[in-house]
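Since every read-out is calculated from the coordinates, none of them should be taken as a lab result. Not measured: the values here are computed from a predicted model. Here the Cβ positions follow ideal geometry from the backbone for every residue, glycine too, while neighbour counts run over all protein chains shown.
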Amino acid sequence: MTVVVGYVPSSSGRAAVLAGIEQARAFDVPLVVVNTDSGRGAGATDGPALVEDTHLEVLRRTLDESGVRAEVRQEPRAEPAEALLDVAAEVRARCIVIGLRPRSMVSKLLLGSTAQQVLLHATCPVVVVKAEPETA
């Protein structure tokens, strides 16, 4: 059993990683952090993207300092939900942890929602976290 975390370089992605670390500690299981590029390339700025080396270094340092057994997988593919669900099935996930970000109604209708797809199709529990509001 493993905890699977969906990660994008954002405050909600960081919140998901921290919650995933807590879950992995609580159940004494490994953690797999999954990062996708949503099929749009690493230059995308308005949604999921493969993390750059500097963000990847910070992510790996956070995982190392947490003391949990962890790996980071970068999965370039069209659908982030599909990548998360595939990895969760592969590692027999205890749970999937995802971050939630605000979206407009139009965006939800036109683009769908990774969170919604994961919630609807996961065969294990899904933990959804919101980032703390950023202060100015």
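Figures for the structure shown
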{"item": "Charge tally in the Cβ shell below 12 Å around residue 70, where Lys, Arg are +1 and Asp, Glu are -1, residue 70 excluded", "result": "+2"}
{"item": "Added length on full extension, which subtracts the Cα-Cα distance from 0.36 nm per residue, residue 60 to residue 74", "result": "3.8 nm"}
